[in-house]
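K.L.:
If you scroll down you'll find the structure; I have some questions about it.
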Amino acid sequence: MRIVDIQVGKLSLPLAHPFKTALRTVERLEDIVVRVIGEDGSMGYGEAPPTAVITGDTKGSILCAIQDFIKPAIVGMDLMDLPAVMEKLNGCMVHNTTPKAAVDMALYDLWAKAQGKPLYQLLGGARPAFETDITISVNPTQEMVRDSLEAVERGFTTLKIKVGKEGTADVERIAAIRAAVGPGVKLRVDANQGWTAAQSVAIIKAMEDKDLDIELVEQPVPALDVAGLKYVTGQVDTPILADEAVFSPVDAANIIAIHAADYINIKLMKTGGIWNALKICELARQHGVKCMIGCMLESQVSVAAAAHLCAGQDIITMADLDGPSLCATPPMPGGPVFDGPTISMSADPGVGVENIPCGTWR
Ligand code: MG
């Protein structure tokens, strides 16, 4: 099927609560959405969240990348030769992983629709449902304890606690949450690059000494400090998950080669989409490295695509796909069903999400 057009729209959705990490505070989700149109009129959808503090991609750069580089490169190509289209998408410019991801997932959506199958079945079909954690934002301790209890009340059994702003004071924060939720709840800690290597070791060892039973610590040190990441991983017993340190399959290969981290967090906005994410999954499988699938602050459109990847690939054993549950708006029709902690795949062809409330496509 020939690709005849690529169009963009703007999506603006209020969040139920402000989203706070060591890097930023956000109150509204403001994303670019994409649709790829096939010669038979069928459409595939994608989404690009402008997460400048992590990927460097802004609304303006996303629009420019799609309209001036990606669209001219791939319109006219035959989607059924997916490898050729993906190589072109990835080769038409360097970096710009967010716009590439949005177009990549729209292409996969359309490609699976053309075959009449839900995408996850074409990506390996590992499982029809799985559970996600939920993020607890950085706030005063009492507020984080309250948010944690609320999440457990809603059925979440794994909490991802954002820290990284206050060094060793973060330990007291986690201890208060552990005391409140009890031993049955899994706690993941995400420092979002907020600590130095020495701080990380001190903080993680303090959590180990207090028996806080932390499942993993995510990206303790700055993204480019791979030596620091390796140092931390070697010094502590708690598993370390690389997030901002791994964008591409090459990054993943380098981290795995020197055991700079125990696990890898795959996000479509870092890899540039499903095509490259599958390469990381393959590499991780070869080396027995467990992966998490994560998301930026994204709506259901792109999180649904990530859910298909997770449901397809059994090497992804942990999911952090809580974007849709952070939005205050009702769900869009079609695709995976997000019900508290449970994400269930549907029989809808493609990624499946339709009727994106984005106003005019152009
Ligand atoms: Mg993270």
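K.L.:
Cβ contacts < 9 Å: first residue closer than 15 Å to residue 188 by Cα and in the same structural domain as residue 294 (by TED's automatic domain parsing), restricted to segment 132-156; second residue open to solvent by 80 Å² or more (accessible area, probe 1.4 Å) and assigned to a loop (DSSP other than H, G, I, E, B), any location; separation 6+ or different chain. Result?
P.N.:
Every condition considered, the pairs that remain are 134/154; 138/165; 138/166.
K.L.:
Related question: Quick check: anything in segment 33-43 more than 18 Å from the chain's Cα centre (by Cα) and at positive phi?
P.N.:
yes
K.L.:
Inspect all residues belonging to segment 252-268 and state whether any of them is open to solvent by less than 40 Å² (accessible area, probe 1.4 Å), away from the ligand (no atom under 16 Å from the Cβ) and either at pLDDT below 95 or not aliphatic (A, V, I, L, M) (or both).
P.N.:
No, every residue in segment 252-268 fails to be open to solvent by less than 40 Å² (accessible area, probe 1.4 Å), away from the ligand (no atom under 16 Å from the Cβ) and either at pLDDT below 95 or not aliphatic (A, V, I, L, M) (or both).
K.L.:
Oh, and also: Can you give me the number of residues within segment 25-40 that are open to solvent by 40 Å² or more (accessible area, probe 1.4 Å) and within 15 Å of residue 57 (Cα to Cα)?
P.N.:
So the count comes out to 1.
K.L.:
Test residue 56 against the criterion of being on the phi > 0 side of the Ramachandran plot, open to solvent by less than 40 Å² (accessible area, probe 1.4 Å) and either among the small types (Gly, Ala, Ser) or in the same structural domain as residue 36 (by TED's automatic domain parsing) (or both), and give yes or no.
P.N.:
no
K.L.:
Next question. Within segment 49-90, how many residues are of a type in the set (Gly, Ala, Ser), in a helix (DSSP H, G or I) and farther than 21 Å from residue 246 by Cβ?
P.N.:
5
K.L.:
Another question, if that's okay. With the structure loaded, tell me whether residue 320 is at negative phi, within 13 Å of the ligand (Cβ to nearest atom) and either more than 12 Å from the chain's Cα centre (by Cα) or among the charged types (D, E, K, R) (or both) or whether it fails that test.
P.N.:
In short, yes.
Results for (1) in the same structural domain as residue 190 (by TED's automatic domain parsing); (2) in contact (Cβ under 8 Å) with a residue 40 or more places away in the chain; (3) surrounded by fewer than 24 Cβ atoms within 10 Å (Cβ to Cβ); (4) within 16 Å of the ligand (Cβ to nearest atom), shown as yes or no for each residue.
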{"residue": "298", "(1), (2), (3), (4)": "yes, yes, no, yes"}
{"residue": "303", "(1), (2), (3), (4)": "yes, no, no, yes"}
{"residue": "315", "(1), (2), (3), (4)": "yes, no, yes, no"}
{"residue": "325", "(1), (2), (3), (4)": "yes, yes, yes, no"}
{"residue": "333", "(1), (2), (3), (4)": "yes, no, yes, no"}
{"residue": "337", "(1), (2), (3), (4)": "yes, no, yes, no"}
{"residue": "340", "(1), (2), (3), (4)": "yes, yes, yes, no"}
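K.L.:
For segment 1-51: of the residues being within 16 Å of the ligand (Cβ to nearest atom) and among the aliphatic types (A, V, I, L, M), which is modelled with the lowest pLDDT?
P.N.:
Ranking the qualifying residues of segment 1-51, first place goes to 22.
K.L.:
Give segment 1-37 a look and list any residue that's more than 24 Å from residue 330 (Cα to Cα) and in a strand (DSSP E or B), or say none.
P.N.:
Within segment 1-37, 2, 3, 4, 5, 6, 7, 36, 37 qualify.
K.L.:
Shifting gears a bit: Could you check segment 284-362 for strands (runs of 3 or more DSSP E) lying wholly inside it with 1 or more residues that are farther than 26 Å from residue 14 by Cβ?
P.N.:
Correct list: 291-294, 316-320.
The values are calculated or read from the model by the stated rules, or taken from the named source; none is laboratory data. Predicted model, so just to flag it, every value in this text is computed and none were measured. Note that each Cβ is placed from the backbone with ideal geometry, even for glycine, and that neighbours are counted across all protein chains shown. For accessibility, only protein heavy atoms count, side chains too; no ligands or nucleic acids. Shrake-Rupley method; radii C 1.70, N 1.55, O 1.52, S 1.80 Å.
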